[in-house]
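The values are calculated or read from the model by the stated rules, or taken from the named source; none is laboratory data. Note that the structure is a prediction, hence the values are computed from the model and not measured. Cβ coordinates were reconstructed from backbone atoms using ideal geometry, including for glycine residues, and neighbour counts include every protein chain displayed. Protein only, heavy atoms only, side chains kept; ligands, DNA and RNA dropped before computing areas. Shrake-Rupley method; radii C 1.70, N 1.55, O 1.52, S 1.80 Å.
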Amino acid sequence: MPKHVLVTGGAGYIGSHACKALTRAGYVPVAFDNLSTGWREAVKFGPLVQGDLLDRAALDAAFSQYRPIAVLHFAALSLVGESMSDPGLYWRSNVNGSLNLIEAAVAAGCMNFVLSSTCATYGDQDGVLLDEDTPQHPINSYGASKKAIEEMLKNFGAAYGLNHVIFRYFNVAGADPEAEIGEQHRPETHLIPLMLDAIEGRRPALTLFGQDYPTPDGTCVRDYVHVMDLVAAHVAGLEWLLAGKGNRAFNLGTGHGFSVRQVIEASCAVTNRAVPVIEGPRRAGDAAALVSGSQRARAELGWDPKRSTLPDMIRDAWAWSQKPGYQG
Ligand code: UDP
C-alpha cells in the first residue's frame with residue numbers, strides 16, 4: 001500500500017521541496033494546489049490534484065481517492081506587505097481555507113496534521129530570542145491569520161483527537177542543491193531572489209527597506225534556514241506523529257540572526273559581483289529582529305540544519321536562478 005501524504009501547496013516553493021523529501025523517505029506525496037502561486041512543473045514527485053482549499057468538495061474527493069495517512073499543510077498566502085494592505089484576503093484564504101481542510105481531514109479520518117506556521121506569530125519582541133513558549137503577539141495580518149490557524153488546530157485536536165505538529169518558520173531560503181526545483185514567486189518579494197535578480201541585471205537594484213531599526217547596523221535582522229533543512233524537519237515531524245508522540249510546536253530557525261546588509265555582503269562574496277542597492281523606507285509590518293530559539297527541534301526531532309549557512313543558501317539559490325526557464 002503506498003503511503004500517501006496530502007501536501008497542500010505542493011506546487012509551491014516549500015511544498016515542492018517537501019514532496020521531494022517525502023519521496024526520498026518512502027512516502028507518495030499528493031500535491032493539492034490551486035496553481036495560483038505554484039507551478040505545475042514543480043510537481044514531479046507524485047500526483048497533482050488541482051483544487052482550492054475553499055472548495056470542500058474537491059478536498060473530500062482528494063481524501064477519498066488517496067486515503068492519505070497525513071496532511072502537510074503548506075498552502076497559504078504569506079506576504080507580510082500584502083497582508084497589511086489586504087487583510088480580508090489573508091483571513092479568507094488562510095483561515096477559511098485551513099478550516100475547510102481541517103474539517104475535511106477529520107471527516108475522512110486522516111488524523112495526522114503538520115501545519116506550516118511562522119515566526120510572524122510572535123510579533124516584534126525587542127530582540128529577544130524567540131522560543132516556542134514566547135507569547136505570540138503578531139503585528140501583521142499574515143502572522144495573525146497563522147496564529148488563528150494554530151488555535152483552530154489545537155481546538156480540533158482537543159475535540160476530535162487530530163494529532164498535530166506546528167512548525168513556526170523563520171526565513172526560508174536556498175533551493176534544492178540538484179536544482180530540480182527552487183524558489184520562484186510571482187511577483188517575487190523575498191530578499192535573496194530579489195538580490196540575485198539585481199546582481200544578474202534582471203532588476204535595476206535591490207531596495208533596502210529601512211535603515212533606522214534598533215539593530216546593530218539599522219537594517220532588519222532575520223534567521224535564515226535552508227529549505228532542504230526545513231523540509232527534513234517536516235519528514236521528522238510526520239514520523240513523530242506516526243509514532244504517536246503527540247501534539248507539539250517547533251520553531252525552525254538556526255538561532256543566528258543576520259541583518260539585510262550582512263546578507264547583501266554574503267551575496268557579493270558568493271557571486272563575486274556587486275549588488276546595486278537603493279535605500280528605501282521601512283516596509284509596513286516588518287519586525288526589527290526575528291531570531292529563533294532552536295533547541296526544541298534539535299533536541300526532540302534530532303534536527304540538524306547543517307545546510308543553513310548564508311553561503312550555502314545563496315549558492316543554491318543562485319544555481320537555481322541560472323537554470324534556463326527561470327523567471328526572475
Ligand atoms: N527586504 C528588503 N528589500 C526587499 C525585500 C526584503 O530590504 O526587496 C528585507 C525585509 O524588510 C526583511 C528581510 O529583507 O527585513 C527579509 O524579507 P523577506 O521578504 O525575504 O522575508 P520576510 O521577513 O518578510 O518573511
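A few remarks follow.
- The numbered conditions (1) over 20 Å from the mean Cα position of the chain (by Cα); (2) modelled with pLDDT of 95 or more are all true for F32 except (1).
- Any hit, the stretch 261-280, residues being more than 30 Å from G157 (Cβ to Cβ), part of a strand (DSSP E or B) and out of contact with any strand residue (DSSP E or B) (no Cβ under 6 Å at 6 or more places or on another chain): no
- F113 meets the conditions (1) over 16 Å from the mean Cα position of the chain (by Cα); (2) of a type in the set (F, W, Y); (3) open to solvent by less than 30 Å² (accessible area, probe 1.4 Å) in every case but one. The failed one is (1).
- V71 being under 30 Å from I139 (Cβ atoms), surrounded by 20 or more Cβ atoms within 10 Å (Cβ to Cβ) and modelled with pLDDT of 95 or more: yes
- Cβ-Cβ distances below 6 Å connect the following pairs, each with a first residue in the stretch 74-94 that is in a helix (DSSP H, G or I), a second residue that is open to solvent by 70 Å² or more (accessible area, probe 1.4 Å) and within 14 Å of the ligand (Cβ to nearest atom), and a separation of six or more residues or different chains: G81/R283.
- Among the residues making up the stretch 94-110, those that are away from the ligand (no atom under 16 Å from the Cβ), closer than 25 Å to S16 by Cβ and either at pLDDT below 95 or touching a helix residue (DSSP H, G or I) at 6+ places or on another chain (Cβ under 8 Å) (or both) are V95, S98, L99, N100, L101, I102, A104, A105, A108, C110.
- Meets criteria (in contact with a helix residue (DSSP H, G or I) (Cβ under 6 Å, 6 or more places away or on another chain), over 18 Å from M152 (Cα atoms) and open to solvent by less than 10 Å² (accessible area, probe 1.4 Å)) for P87: no
- Any chance T219 is within 11 Å of the ligand (Cβ to nearest atom), within 29 Å of R186 (Cα to Cα), among the hydroxyl-bearing types (S, T, Y) and open to solvent by less than 40 Å² (accessible area, probe 1.4 Å): yes
- Checking the stated criteria, K146 turns out to be touching a Pro at 6+ places or on another chain (Cβ under 8 Å), basic (K, R) and either open to solvent by 10 Å² or more (accessible area, probe 1.4 Å) or under 24 Å from R92 (Cα atoms) (or both).
- Residue check for V231: within 10 Å of the ligand (Cβ to nearest atom), among the hydrophobic types (A, V, I, L, M, F, W, C) and touching a residue at least 60 places away in the same chain (Cβ under 8 Å): no
- The stretch 179-198: number of residues that are open to solvent by 20 Å² or more (accessible area, probe 1.4 Å), in contact with a Lys or Arg (Cβ under 9 Å, 6 or more places away or on another chain) and more than 10 Å from the ligand (Cβ to nearest atom): 1
- The single condition among (1) under 26 Å from D133 (Cα atoms); (2) within 24 Å of the chain's Cα centre (by Cα); (3) open to solvent by 60 Å² or more (accessible area, probe 1.4 Å) that P214 does not satisfy is (2).
- Picking from residues in the stretch 199-211 that are part of a loop (DSSP other than H, G, I, E, B) and more than 8 Å from the ligand (Cβ to nearest atom), the one that is most open to solvent (accessible area, probe 1.4 Å) is P204.
- Residue within the stretch 47-66 that is hydroxyl-bearing (S, T, Y), touching a helix residue (DSSP H, G or I) at 6+ places or on another chain (Cβ under 9 Å) and within 16 Å of the ligand (Cβ to nearest atom) present: no
- Every residue from the stretch 3-39 that is of a type in the set (V, I, T), outside any helix (DSSP H, G or I) and under 14 Å from A76 (Cβ atoms): V7, T8, T37
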